[in-house]
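Peer 1: Sending over a structure as structure tokens; questions will come in a sec.
The values are calculated or read from the model by the stated rules, or taken from the named source; none is laboratory data. Source: prediction; values computed, not measured. Cβ placement follows ideal geometry from the backbone for every residue including glycine, while neighbour counts extend to all protein chains displayed. The area values use the complete protein model at the heavy-atom level, side chains included, leaving out ligands, DNA and RNA. Shrake-Rupley method; radii C 1.70, N 1.55, O 1.52, S 1.80 Å.
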Amino acid sequence: MITLKGENIYLRALEPNDLEFVYAMENDQSIWEVSNTQTPYSRFLVKQYLENAQQDIYEAKQLRLAICQDQDFPPLGLIDLFDFDPKNNRAGVGIVIQGNENRKQNIGSEALELLIRYSFFNLNLHQLYANIGTENEASIALFTKFGFQKIGTKKDWTLVNGVYKDEAIFQLINNQL
């Protein structure tokens, strides 16, 4: 079984030739709210990030993977493990799919399913969590589809266009260990 390959997509490590894709994603202001980005990134900074992307998850405390359909096609999105905590066997999960034409095609579902399986069976994590704005119905539906449960709400957590918004935290416990 290839862990990071699904029926329609696969997840792969970032490559130097992903520079323009990652640069475009990081500078897409329409997703800054969900990615917690506040300032644009230069190509130079993204290039430096990609040069260091080969670091092991235990060293970097994060893992960012490109979501792809075919080896000849550019990435469709990114999926991350962040705040990796090997002592407590947990990590946060984030996902972003580029462009409306790629959303609602189960790309996010398949990518999240692959990452959950990888996290629980390869990294032996006990739990995953996701921070999701309470108005982000699509992300809430995606994560709850895979058993993530809402465990709390952080009131007035993020300031977006002068308005404070709530953020919920969702958690998935690996009961198979």
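Peer 1: Residue pairs, Cβ under 9 Å, 6 or more apart or interchain, first in segment 126-147 and of a type in the set (Phe, Trp, Tyr), second in a helix (DSSP H, G or I). List them.
Peer 2: Once the first residue is of a type in the set (Phe, Trp, Tyr) and sits in segment 126-147, its partners that are in a helix (DSSP H, G or I) give Phe143/Leu112; Phe146/Ser109; Phe146/Leu112; Phe146/Glu113; Phe146/Ile116.
Peer 1: Checking Asn122 against (1) over 22 Å from Asn175 (Cβ atoms); (2) in contact with a Ser or Thr (Cβ under 9 Å, 6 or more places away or on another chain); (3) open to solvent by 70 Å² or more (accessible area, probe 1.4 Å), which test does it fail?
Peer 2: All conditions are met except number (1).
Peer 1: Mind listing just one residue for me: the one in segment 7-38 that is more than 21 Å from Glu110 (Cβ to Cβ) and among the small types (Gly, Ala, Ser) and, of those, modelled with the highest pLDDT?
Peer 2: Checking each candidate, the answer is Ala24.
Peer 1: Let me ask something additional. Please state which one of Gln38, Gln54, Gln62 is closer than 26 Å to Ile132 by Cβ and either open to solvent by 90 Å² or more (accessible area, probe 1.4 Å) or of a type in the set (Lys, Arg) (or both).
Peer 2: That would be Gln38, the only listed residue that is closer than 26 Å to Ile132 by Cβ and either open to solvent by 90 Å² or more (accessible area, probe 1.4 Å) or of a type in the set (Lys, Arg) (or both).
Peer 1: Could you check segment 82-177 for strands (runs of 3 or more DSSP E) lying wholly inside it with 2 or more residues that are on the phi < 0 side of the Ramachandran plot and acidic (Asp, Glu)?
Peer 2: The strands (runs of 3 or more DSSP E) meeting that bar are 163-173.
Peer 1: Sticking with this structure for a sec: Scan segment 72-91 and tell me whether some residue there is among the hydrophobic types (A, V, I, L, M, F, W, C), surrounded by fewer than 20 Cβ atoms within 10 Å (Cβ to Cβ) and more than 23 Å from Glu33 (Cα to Cα).
Peer 2: Scanning segment 72-91 turns up at least one residue that is among the hydrophobic types (A, V, I, L, M, F, W, C), surrounded by fewer than 20 Cβ atoms within 10 Å (Cβ to Cβ) and more than 23 Å from Glu33 (Cα to Cα).
Peer 1: Pairs only if they're at least six apart or on different chains, beta carbon under 6 angstrom, first in segment 1-16 and assigned to a loop (DSSP other than H, G, I, E, B) and among the hydrophobic types (A, V, I, L, M, F, W, C), second at pLDDT below 90 and open to solvent by 60 Å² or more (accessible area, probe 1.4 Å); list them, first residue then second.
Peer 2: Every condition considered, the pairs that remain are Ile9/Gln69.
Peer 1: Provide a single number: the residues in segment 136-148 that are under 17 Å from Glu33 (Cβ atoms) and open to solvent by less than 60 Å² (accessible area, probe 1.4 Å).
Peer 2: Result for segment 136-148: 5.
Peer 1: In this structure, is Gly133 at pLDDT 95 or above, surrounded by fewer than 19 Cβ atoms within 10 Å (Cβ to Cβ) and of a type outside the set (Lys, Arg)?
Peer 2: no
Peer 1: Another question, if that's okay. Do you know which of the residues in segment 149-173 that are within 18 Å of the chain's Cα centre (by Cα) and farther than 18 Å from Glu137 by Cβ is least open to solvent (accessible area, probe 1.4 Å)?
Peer 2: Leu172
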